[in-house]
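One structure is given below, encoded as structure tokens.
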Amino acid sequence: MRAIGITKRYGSFLANDGIDLDLYPAEIHALLGENGAGKSTLVKVMYGLIQPSAGELQWMGQKLVLTGPSEARALGIGMVFQHFSLFENLTVAENVALGLAPTESFTAMSERLEETARVYGLPLDPKREVWRLSVGERQRIEIVRMLMQNPKLLILDEPTAVLTPQEADQLFVVLDRLKSEGRAILYISHKLDEVKRLCDTATILRGGKKISTCDPRRETAASLARMMVGAEIGEVKAASGRGVSVPRLVIHQLSLQPDDPHGTHLDQVSLEVRGGEVVGIAGVSGNGQDELFAALSGERLSPSGGAIVIDGLAAGLLGVNERRRMGAAFVPEERLGHGTAPRMKLSENALLTGHAASGMVKHGFVNRPATLATVDRTTETFDVRKAKRDPEALSLSGGNLQKFIVGREILREPGVLVVSQPTWGVDAGAAATIRQALIDLAARGAAVLVVSQDLDELAEIADRIAVMFHGRLSSPLDAADVTREKLGLLMGGAKAGEAPSAEEASHAVGP
Amino acid sequence: MQLALERRAERSTVIAIASPLIAIALTLVTIAVLFAILGKNPIEALDVYFLEPLLDPYSLGEIVVKATPLVMIAIGLSLCYIANIWNIGAEGQFLIGAVTGSWLAVRTNGTDAGHWVLPAMLVLGALGGALYALIPAICKVRFGASEILTSLMLVYVANFGMDYLVRGPWRDPHGLNFPTTAEFDPVATVPTLFEDSRVHAGSLVALAVVMLATVLLGRTIMGFEIRLVGAAPKAARFSGFNADRLVLFTFAVSGALAGLAGIIEVAGPVGHLQPDISPGYGFTAIIVAFLGRLNPIGILIAGLFLALTFIGGENAEIAIKVPLDLTKVFQGILLFYVLACDSLIVYRIRLIGTFRKLAHADV
């Protein structure tokens, strides 16, 4: 497949600007770039989801006009998206059947499904309902569904973002095998070590333009990063001589039933975060992190006040604003719709978490200058780039919006900060800014709890790391002497549910 | 060739203002076609409907009289709708407000009660409307019952309840068996503002409500809560707002405003309680709220416009012999077009298929 001079214009904005890309059989080609570099636009063009404004595609030397994904699939182009399109209440086989052309019987299809899964070493039980499966297993469904169409070109959009290191290794074995079968693979990622390990060729996009096509094995991670970002990324530096003080956030044997039938039951979760330290919670998503965040923020109340203690005061029965007044701050995983109202202005989104505890409201009236001042200060301190002073949240790029969301909480100088997936889908520059800000906040004496799936991130900023699996939390390990393998095993359920040590339990008792 | 809706990157402010105007224009075209089918001259009919009332001072006053309850009710409804809460029963809350307020007028009728009667009636009317509106609100919060159905059905309960009162216990003994209460005393009547016109002090109340709503929505944390719950419920919960409390609040406020409109209508232009005090104000106000873009000033303008359709309808019935029900047809068509045009604010229409290249030329 060749893409020649692909250009996609949205109004005056050039999402893709004359991009050339050649994909060959038996080659894994990496597409590297920050968020907003134009990777998704390009692959959507190649999968027929959107039409290019200019340029053309060639398939086996022939000019190709794709009118939709079904045509792409018929030609032998398959794609696995970052966000799966699966029905939770249907079985694996039913989900696969929905994605295929209805030319064979359901039983024949199920047999072929099992056959394909076995041949490629992707174990799947066709009769299981999807909601019972882990994220890694769900991804297998998507991959197997794609393989059943015998594609000549596979497009994978950040496939390892949701996997444990061990699951990622398994995926790489499968990809190598597909390559040896003569298929072409386009692998989208921003994880440089992965790309260096797996890919034969890499094309780097920045700001909608192609920067270069190179052999990633001959480049260093630093040189790839430079091409991606266009500048050196500052290393995140831990402040030296950071002292750890008293526990400021204590979770004591918190058990909570989910309010959503497919949610995770929190089972005796205990943890303490002391002032001056960053504690990380690792784990594959869907293992209770969302439920834990809701319980910590006060969006869901705990069974008893003492289950959550903030600065020595029982907070388990208090609402989110009362906890904010106690000096706690929260950054949820979902930027649009949870952390912000997408169609509201930034100043209104500053009010969203600031109305209770930041002097933005007097006698029921909103102090508009105060909300705007928060926007300005956040913009300045965290380098939020936006088109005008006070735009709608939706119009910001993911990285800039995340800097705003994290910034608006950090500027309140919280004593306790709980952050979920702080740099999910955020470009490398913004991620570095955010991580540095979290470390600096801890250095000023705050207790920072970071829930993240990204082990590199946790290794970079956390002092201790605990792992969440099936609603249980392991006891935290010292980040200095923990290995990726050990965390990976815990994330996969080995040794899960270690009871907290007696010493820790005695600390955790609330007043 | 196929039409497709495509999401816009930013919502279009131009369309946001133009949308109601486009809707009105499309409605006028449709209604003109309808007149032509009925065998009337469309130009003449539209003239009778929309221009003549504007040229006659008495009709202008009547427009204000009709717009008064429409605007008050629509303001209350807009608070619900902004928060994605669907109070469809304003008609019932209007009637109950009229009844609870009238109770005092009936009780004090013919006594020498002082000037406290009217203010007390207004308070009672608002209270009655609010309490009646809280029934569907509580059902929604406690049992998850759809407020659309419960509030709508309570309209009929209110209607027949009032019917019973004016035909039974509250009927004027000297009223020749007509189903109506006695004419209210002067202390129980909303004063008119001008000679030879029915325009009354209630219109000033409606103006005050418009201004208060503007301040509430634009400047206060309560207004922010209403907008946030409607725009992003999960973010509203994260912001610490309680969605159930807001259901109760918006229903109570919209019920109070509808009830207040009801008692003002009875104590003002009508002068006594009788079954047909409302030509469907509570339902027409839904159209007013949407035509006014759920914005207080917009609602004021939309209220005057819909009032014009009532007056025009009455004119047309006499002048060109078309049924009065045509007004309702007209209002229905208008609501349809308003909602259709609203989708253009967030989406744009695009041709896909054979004309793809053409459509791409302008994006």
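The values are calculated or read from the model by the stated rules, or taken from the named source; none is laboratory data. Not measured: the values here are computed from a predicted model. Every residue, glycine as well, gets a Cβ built from its backbone with ideal geometry; the counts of neighbours run over all protein chains shown.
Scanning segment B:212-223 for residues that are within 13 Å of B:Cys80 (Cα to Cα) and at the interface with chain A (Cβ under 7 Å from one of its Cβ atoms) returns a single hit, B:Met222.
Considering each of A:Asp176, A:Asp157 in turn, give the residue that is assigned by TED's automatic domain parsing to the domain that holds A:Leu75, of a type in the set (Asp, Glu) and over 22 Å from the mean Cα position of the chain (by Cα).
Only one candidate qualifies: A:Asp176.
Looking across segment A:292-314, the residues that are within 17 Å of A:Arg412 (Cβ to Cβ) and buried (at least 18 other Cβ atoms within 10 Å of the Cβ) come down to A:Leu296, A:Ser297, A:Gly298, A:Ile310. When A:Glu277 is tested against (1) touching a Lys or Arg at 6+ places or on another chain (Cβ under 8 Å); (2) within 14 Å of chain B (Cβ to nearest Cβ); (3) of a type in the set (Asp, Glu); (4) crowded, with 18+ Cβ neighbours inside 10 Å, just one condition goes unmet, and that condition is (2). For the residues B:Ala158, B:Ala213, B:Ala232, B:Ala236, the requirement of being out of contact with any Asp or Glu (no Cβ under 6 Å at 6 or more places or on another chain) and either surrounded by fewer than 20 Cβ atoms within 10 Å (Cβ to Cβ) or farther than 30 Å from A:Pro342 by Cβ (or both) singles out B:Ala158. Can you confirm whether B:Ala261 is within 26 Å of A:Ser347 (Cβ to Cβ) and among the hydrophobic types (A, V, I, L, M, F, W, C)? So B:Ala261 does not fit the description; no. In this structure, A:Thr353 does not qualify as more than 12 Å from chain B (Cβ to nearest Cβ) and either surrounded by fewer than 24 Cβ atoms within 10 Å (Cβ to Cβ) or not small (Gly, Ala, Ser) (or both). Buried (at least 21 other Cβ atoms within 10 Å of the Cβ), away from chain B (no Cβ under 14 Å), under 29 Å from A:Ser189 (Cβ atoms) and among the hydroxyl-bearing types (Ser, Thr, Tyr): is that true of A:Thr433 in this structure? In short, yes.
Taking helices (runs of 4 or more DSSP H) as the structural unit, those lying wholly within segment B:232-311 and holding at least 1 residues that are of a type in the set (D, E, K, R), under 30 Å from A:Phe293 (Cβ atoms) and out of contact with any Ser or Thr (no Cβ under 8 Å at 6 or more places or on another chain) correspond to B:233-238, B:243-265. Put simply, of B:Ser78, B:Ser12, B:Ser59, B:Ser102 the only residue that is among the polar types (S, T, N, Q) and either touching an Asp or Glu at 6+ places or on another chain (Cβ under 9 Å) or surrounded by fewer than 16 Cβ atoms within 10 Å (Cβ to Cβ) (or both) is B:Ser59.
Scanning segment A:319-329 for residues that are facing chain B (nearest Cβ under 8 Å) and in contact with an Asp or Glu (Cβ under 7 Å, 6 or more places away or on another chain) gives a single hit, A:Val320.
Pick from segment A:309-319 the residues that are without any contact (Cβ under 8 Å) to a residue 24 or more places away in the chain and of a type outside the set (Gly, Ala, Ser): which of them is nearest to A:Ala357 (Cα to Cα)? Don't jump to the end; show me each part of the working.
If we filter segment A:309-319 for residues that are without any contact (Cβ under 8 Å) to a residue 24 or more places away in the chain, which is where we start, we get A:315, A:317-319.
Next cut, of a type outside the set (Gly, Ala, Ser) only: A:317-318.
Working: A:Leu317: 18, A:Leu318: 14 Å.
The extreme case among them is A:Leu318.
To keep it simple, each residue is scored yes or no on (1) over 29 Å from A:Gly492 (Cβ atoms); (2) modelled with pLDDT under 90; (3) over 25 Å from the mean Cα position of the chain (by Cα); (4) within 14 Å of chain B (Cβ to nearest Cβ).
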position: A:Lys209; (1), (2), (3), (4): yes, yes, no, no
position: A:Asp215; (1), (2), (3), (4): yes, yes, yes, no
position: A:Glu232; (1), (2), (3), (4): yes, yes, no, no
position: A:Gln253; (1), (2), (3), (4): no, no, yes, no
position: A:Ser285; (1), (2), (3), (4): no, yes, no, no
position: A:Ile310; (1), (2), (3), (4): yes, no, yes, no
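Any chance segment A:163-182 includes a residue that's touching an Asp or Glu at 6+ places or on another chain (Cβ under 6 Å) and either farther than 29 Å from A:Ala74 by Cβ or assigned to a helix (DSSP H, G or I) (or both)? Steps first, please.
Initial filter on segment A:163-182 (touching an Asp or Glu at 6+ places or on another chain (Cβ under 6 Å)): none.
So far as segment A:163-182 goes, no, none of its residues is touching an Asp or Glu at 6+ places or on another chain (Cβ under 6 Å) and either farther than 29 Å from A:Ala74 by Cβ or assigned to a helix (DSSP H, G or I) (or both).
Among the residues of segment B:183-213, those identified as in contact (Cβ under 8 Å) with a residue 60 or more places away in the chain and more than 22 Å from B:Ala126 (Cα to Cα) are B:Phe194, B:Asp196, B:Ser197, B:Arg198.
Any residue that is assigned to a helix (DSSP H, G or I), touching a residue at least 12 places away in the same chain (Cβ under 8 Å) and closer than 23 Å to A:Thr213 by Cβ - is there at least one of those in segment A:83-100? No, that holds for no residue. Restricting A:Val419, A:Val426 to those that are touching a strand residue (DSSP E or B) at 6+ places or on another chain (Cβ under 9 Å) and either buried (at least 24 other Cβ atoms within 10 Å of the Cβ) or at pLDDT 90 or above (or both) reduces the list to A:Val419.
Any residue at all in segment A:20-31 that's out of contact with any His (no Cβ under 6 Å at 6 or more places or on another chain) and within 13 Å of another protein chain (Cβ to nearest Cβ)?
Our first condition is that a residue be out of contact with any His (no Cβ under 6 Å at 6 or more places or on another chain); within segment A:20-31, this holds for A:20-22, A:24-31.
Subsequent filtering for residues that are within 13 Å of another protein chain (Cβ to nearest Cβ) retains none.
Checking segment A:20-31: not a single residue is out of contact with any His (no Cβ under 6 Å at 6 or more places or on another chain) and within 13 Å of another protein chain (Cβ to nearest Cβ).
Note on segment A:371-388: residues that are of a type in the set (A, V, I, L, M), surrounded by fewer than 21 Cβ atoms within 10 Å (Cβ to Cβ) and in contact with a Lys or Arg (Cβ under 9 Å, 6 or more places away or on another chain) amount to 1.
Of the listed requirements (1) surrounded by fewer than 17 Cβ atoms within 10 Å (Cβ to Cβ); (2) hydrophobic (A, V, I, L, M, F, W, C); (3) closer than 28 Å to A:Arg177 by Cβ, A:Leu42 misses just one: (1).
Residue by residue through segment A:255-283, note down the ones that are small (Gly, Ala, Ser), modelled with pLDDT of 90 or more and either more than 23 Å from the chain's Cα centre (by Cα) or closer than 22 Å to B:Gly240 by Cβ (or both).
The first filter runs over segment A:255-283 and keeps only residues small (Gly, Ala, Ser), leaving A:255, A:263, A:270, A:275-276, A:280, A:282-283.
Remaining after also requiring modelled with pLDDT of 90 or more: A:255, A:270, A:275-276, A:280, A:282.
The answer is A:Ser255, A:Ser270, A:Gly275, A:Gly276.
Within segment A:398-416, the set of residues being of a type outside the set (A, V, I, L, M), part of a helix (DSSP H, G or I) and surrounded by 19 or more Cβ atoms within 10 Å (Cβ to Cβ) comprises A:Gly399, A:Asn400, A:Gln402, A:Lys403, A:Phe404, A:Gly407, A:Arg408, A:Glu409.
Tell me yes or no: at least one residue of segment B:161-168 is assigned to a loop (DSSP other than H, G, I, E, B), assigned by TED's automatic domain parsing to the domain that holds B:Ile264 and of a type in the set (Asp, Glu). No, segment B:161-168 has no match at all. Exactly one residue among A:Leu336, A:Leu301, A:Leu296 is at pLDDT 95 or above, within 29 Å of the chain's Cα centre (by Cα) and within 14 Å of chain B (Cβ to nearest Cβ), and that residue is A:Leu296.
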